[in-house]
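To keep things clear, I will list the structure first and then write my remarks on it.
The values are calculated or read from the model by the stated rules, or taken from the named source; none is laboratory data. Please read these numbers as outputs of a predicted model, since none were measured by experiment. All Cβ positions, glycine included, derive from the backbone under ideal geometry; neighbour counts span all protein chains shown. Each accessible area value is taken on the protein alone, full model and side chains, heavy atoms only, with ligands, DNA and RNA left out. Shrake-Rupley method; radii C 1.70, N 1.55, O 1.52, S 1.80 Å.
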Amino acid sequence: GAPTHVTNPVRFVPERLPGRARLVDLSHVDLSKVKVGKEWVELDGSLLPSPFTPKGEPPEGPAWYATPTVAYAVELGYEVRPLEAWVRRENGRYLDGW
């Protein structure tokens with residue numbers, strides 16, 4: 001289906017509502033503390049580039065991210081609240097026909 005613009009999505013659930021891009025503020029993500037399994041692990045964040053910007057610097061406010069990038073922030077244990085999104089309400093497995 002065609003993409004639909006959504007403002008103030010309730011929450012980020014990529015499996016239920018696939019999307020192309022989401023406007024998210026990831027400036028609160030601190031790579032010196034990430035979740036591994038069910039436990040928080042402390043790292044030397046100064047040695048790690050940010051995976052959320054092209055140059056590896058920490059994000060400075062909202063930006064448009066692809067769904068896998070936002071899902072990675074959730075996997076690291078951080079709460080993500082999209083401000084806007086482009087989603088596809090009609091979706092399915094593209095290659096299942098094969």
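Cβ under 13 Å from Leu48's Cβ, Leu48 left aside: what net charge do those residues give with Lys, Arg +1 and Asp, Glu -1?
Net charge around Leu48: -3.
Quick one: net charge of Val34's neighbours, Cβ under 15 Å, K/R +1, D/E -1?
Computed value for this residue: -3.
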Net charge, Ala63 excluded, C-beta distance under 10 Å - Lys, Arg +1, Asp, Glu -1: -1
Label-zone membership for the range 44-76, site Leu23, 7 angstrom Cα→C-beta point, backbone N under 11 Å: 62-64
Å² per residue, accessible surface of the range 4-87 at 1.4 Å: 67 Å²
Over the range 4-87, equivalent-ellipsoid semi-axes from the Cα gyration tensor in Å: 23, 15, 10
Full-stretch length increase - Glu57, Trp86 - with 0.36 nm per residue and alpha-carbon distance subtracted: 7.9 nm
